[in-house]
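Novice: Following this message is one structure expressed as structure tokens.
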Amino acid sequence: MQPRSRDFKALSAKSMKDESLQGALRQLETGFVRARRDSASALPEFEALRDQARDRLDDVLANLDIHLLAYEQKVKSQGGHVHWARDGKELCEIVSKICHDAEAKKIIRGKSMIGEEAGLNEALESDGFEVMETDLGEYILQLSKEGPSHIIAPAIHKTKDEISDLFHEAHKAHGLTERQSETSALVAEARQVLRQAFLNADAGITGANFLIAETGSNIIVTNEGNGDLSCTLPRVHIVTAAIDKVIPTLEDASLLLRLLARSATGQEITAYTTLSTGPKHPDDADGPEEYHVVLIDNGRSEMLGNEFREMLRCIRCGACMNHCPVYGNIGGHAYGWVYPGPMGSVLTPLMVGLDEAGNLPNACTLNGRCQDVCPVRIPLPGLLKAHRVREFESRLTSSLVRYGLAGWAWLARNPVIYHPLMNVSMRVMAVLGRRRGAFRWMPFASGWTDVRDLPAPQGSTFQSIWRKRERGDS
Amino acid sequence: MYDNNPPKVRTQKPVVGLFVTCLTDLYRPSVALAAVKLLEDTGATVKVPRAQTCCGQPALNNGDLKHSRQIARQVIDAFSGFDYVVGPSGSCMGTIKTHYVEQFKDDPEYLEKAEDLAARSYELVSFLTDIMGVKSVNTTFEGTVTYHDSCSGLRELGIHKQPRKILKTVKGLSLTEMHDSDVCCGFGGTFCVKYPEISGRMASAKCANIRNTGADTLLAGDLGCLLNIAGRLRREGDQTRVFHIAEVLAGMADCPGIAEGQE
Ligand code: SF4
């Protein structure tokens, strides 16, 4: 996916005018925010689990290399293959080669953000493979040729009517000519089309919520069950995952799973939690003949060693975006790449470059609501500020801001000049603004006055009033 | 005038350095006068160092660490020696309490000073209730108010119950909660001028929540939020009155509210 984060302002302006998107975003509160609050408060140890998860993941990250090698060993010993990809391009090449070597033509995909990160669908299609998404949301986006706008509800921006139109168009080819408009009928129709794709597929590509080093398993959680079918029905199962998904034990997984669904959708646990461990063994009833895991780095090993390390704890629950008032106004597409919301504003600049994505860490009020709900306590506002420091230090910050700050800082460090100057300015402003109590417009302050009045000051500054009081007192 | 808990202060008559905050100094000195009164009523002596201007957030939040550190040093030096440092803002006091220390990791001298300052620094309302043990105020304010939780005060300093508890002791005042009182108003320092459209929508949602309470007055503990919300209320033609909580607690809300004209 070509990043468009540079166009953040234009994209977000468009989103704010999009009535159907705005309608969808209003559902965040009932669908996610309240659901999370209720399920978190129903579990007395929820806050303690968050601490535990943070500490455990920090330990894991400190020895990530060891866990990765242990995981690789285990997968291999069970007849699976492990491949290492430096970036998205390498991942696509590896997956394409696996499919080619296995003479797989038809490929089905379970939801995977790594696939999005790497642009896997486009790459496989251009290599001549037939790819079909099996997660309902991703399937809708495949039909509408869009990227995800949320990490766990990728088609959250789509209304039922839009989906009805899309299905009506696309499903004619499957002999389904009647237009459906009810949610249950739409789901049933998608199920019918997808069922055939599952049965015909040669290879299934899934993501992984966790990779377990002690067993060599991958875990995926879904509410649709498409993950199970993508793992078990095709001849070849390929897992695409990032290196930070490895955790040592099933015990660790159970800790994180208790937090994941509650933080994401408010469920205690998702409808399906699927573990797959290698290819089919001689006495297994079903399963794939080949099992491959492609592990992607794409900047993560660098994050291990820099100020963004804590971001690697992320378990992709989406709570940060559900609670972000900026995301709630502009939706996911405005962020211009794969990952939206607070976690996206930290990750995107690291993956596509700060020059491309510099808007994202700045488009935040640092209100801290994301950090408040992040199950693994990632200090998201602090990491966004770390990007701003990088931006300033690499001189990417606009010169208007740089000179503005330098001038202001000089004044702020010279109280002897600052105080009298401010006193005069405020007194003038107070006289001008007295009648209305506020300004509708102010030179050089259009960023403020475009959307709100500028309240008028009262008059003399406090410092000058206090000085007089001190003189009078003494 | 206070009905006091046994105070937790180190001395009965502490010397408090008032951190005025730049917005209060420039826009609304009455908030600082109210703060002085509230502090003096507890028996504290209030001093206002002249060498203060701003806490440095504009630089800090724009990644300009050089200037942000310079300003932080100036604040640290100006406020050495007071028993306490108190300011009428969760945002500025949150910066002094949590973000100064982070900036001096490589400067042992100022790291120690920053830690010392952090330990002595408080936001005004929480200082009155948690440190000085103030339980009630002897003032009157006729009206129905609703209270907005500023983000830094709430999440960096844990200020939520204190203002509500003490507001309920103001005679004539009734407090009604708005929906999403803890959701950001869209101010965010330079955010509000860098991304005015997004900021405007956030402010607008806040205004709607305020209106839905039917309250005639909005209160909060941070002038940044208050200027933003008051500005947006006026733009929407809404005449809800807007005050800093200190003005009401000190019985000094008899002046025009924020963004209120004087015909
Ligand atoms: S940053 Fe935290 S809240 Fe956001 S998706 Fe990751 S784990 Fe969830």
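The values are calculated or read from the model by the stated rules, or taken from the named source; none is laboratory data. Keep in mind that this is a model prediction, so the values were computed, not measured. Don't worry about glycine lacking a Cβ; one is built from the backbone with ideal geometry, like all the others, and counts go over all protein chains shown. We work out accessible area using only protein heavy atoms, side chains counted, and drop any ligands, DNA or RNA first. Shrake-Rupley method; radii C 1.70, N 1.55, O 1.52, S 1.80 Å.
Novice: I want to confirm something. Restricting to the stretch A:143-179 and keeping residues that are surrounded by fewer than 19 Cβ atoms within 10 Å (Cβ to Cβ) and of a type in the set (S, T, N, Q), which single residue is farthest from the ligand (Cβ to nearest atom)?
Specialist: A:THR177
Novice: Across the stretch A:13-35, what is the number of residues that are more than 19 Å from A:ALA153 (Cβ to Cβ) and among the small types (Gly, Ala, Ser)?
Specialist: Of the residues in that region, 1 qualify.
Novice: Still on this model: Would you be able to say whether some residue in the stretch A:280-294 is over 22 Å from the mean Cα position of the chain (by Cα) and either over 17 Å from A:GLY80 (Cα atoms) or within 15 Å of the ligand (Cβ to nearest atom) (or both)?
Specialist: The answer is yes; a qualifying residue exists.
Novice: Follow-up question, since we're still on this one. Scan the stretch A:38-72 for residues that are free of Cβ contacts under 8 Å to residues at least 24 places away in the same chain and either open to solvent by 60 Å² or more (accessible area, probe 1.4 Å) or within 17 Å of A:ARG309 (Cα to Cα) (or both) and report the count.
Specialist: So the answer is 12.
Novice: Additional query: Just checking, does the stretch A:355-378 include any residue being in contact with an Asp or Glu (Cβ under 6 Å, 6 or more places away or on another chain) and within 12 Å of the ligand (Cβ to nearest atom)?
Specialist: yes
Novice: Separate question: Condition first: under 16 Å from B:GLY133 (Cα atoms) and open to solvent by less than 40 Å² (accessible area, probe 1.4 Å). Now tell me which residues in the stretch B:146-168 satisfy that.
Specialist: B:ILE159, B:GLN162, B:PRO163, B:ARG164, B:ILE166, B:LEU167, listed by residue number.
Novice: I'm trying to understand the selection: among the residues of the stretch B:138-176, which are among the acidic types (Asp, Glu) and over 18 Å from B:GLY90 (Cβ atoms)?
Specialist: The one that is among the acidic types (Asp, Glu) and over 18 Å from B:GLY90 (Cβ atoms): B:GLU142.
Novice: Can we say A:GLU302 is more than 14 Å from the ligand (Cβ to nearest atom), modelled with pLDDT of 95 or more and away from every other protein chain (no Cβ under 11 Å)?
Specialist: Yes: the conditions hold for A:GLU302.
Novice: May I pose another question? Given the criterion open to solvent by less than 10 Å² (accessible area, probe 1.4 Å), more than 12 Å from A:ILE108 (Cα to Cα), in contact with a strand residue (DSSP E or B) (Cβ under 6 Å, 6 or more places away or on another chain) and in the same structural domain as A:ALA253 (by TED's automatic domain parsing), identify the matching residue among A:GLY225, A:GLY204.
Specialist: Within the list A:GLY225, A:GLY204, the selection yields A:GLY225.
Novice: Now a separate question. How about the stretch B:198-220: which of its residues are part of a helix (DSSP H, G or I) and open to solvent by less than 10 Å² (accessible area, probe 1.4 Å)?
Specialist: Matches in the stretch B:198-220: B:ILE198, B:SER199, B:GLY200, B:MET202, B:ALA203, B:LYS206, B:CYS207, B:ILE210.
Novice: Which is surrounded by 23 or more Cβ atoms within 10 Å (Cβ to Cβ), more than 16 Å from the ligand (Cβ to nearest atom) and not polar (S, T, N, Q), of A:ARG402, A:ARG395, A:ARG388?
Specialist: On inspection, the qualifying residue turns out to be A:ARG388.
Novice: Could you please find all residues in the stretch A:421-459 being closer than 21 Å to B:LYS37 by Cα and more than 7 Å from every other protein chain (Cβ to nearest Cβ)?
Specialist: Hit for the stretch A:421-459 is A:GLY459, nothing else.
Novice: Six or more apart or on different chains, Cβ atoms under 9 Å: show the pairs whose first residue is in the stretch B:252-263 and within 7 Å of chain A (Cβ to nearest Cβ) and closer than 16 Å to A:MET429 by Cα and whose second is of a type in the set (Asp, Glu) and in a loop (DSSP other than H, G, I, E, B).
Specialist: Partner pairs satisfying both residue conditions: B:ALA259/A:ASP453.
Novice: Answer yes if at least one residue in the stretch A:447-462 is outside any loop (DSSP other than H, G, I, E, B), open to solvent by less than 60 Å² (accessible area, probe 1.4 Å) and farther than 28 Å from A:PRO325 by Cα, and no otherwise.
Specialist: So far as the stretch A:447-462 goes, yes, one or more of its residues are outside any loop (DSSP other than H, G, I, E, B), open to solvent by less than 60 Å² (accessible area, probe 1.4 Å) and farther than 28 Å from A:PRO325 by Cα.
Novice: Right, next: Among the residues of the stretch A:305-327 satisfying the criterion of being more than 14 Å from the ligand (Cβ to nearest atom) and touching a helix residue (DSSP H, G or I) at 6+ places or on another chain (Cβ under 6 Å), which is nearest to the other protein chains (Cβ to nearest Cβ)?
Specialist: For the stretch A:305-327, the residue satisfying everything is A:PRO325.
Novice: Go through the stretch B:16-51 and count every residue that is in a loop (DSSP other than H, G, I, E, B), of a type outside the set (Phe, Trp, Tyr) and more than 7 Å from chain A (Cβ to nearest Cβ).
Specialist: Summing the residues that are in a loop (DSSP other than H, G, I, E, B), of a type outside the set (Phe, Trp, Tyr) and more than 7 Å from chain A (Cβ to nearest Cβ) in the stretch B:16-51 gives 5.
Novice: Can you confirm whether A:PRO342 is within 11 Å of the ligand (Cβ to nearest atom) and within 14 Å of chain B (Cβ to nearest Cβ)?
Specialist: yes
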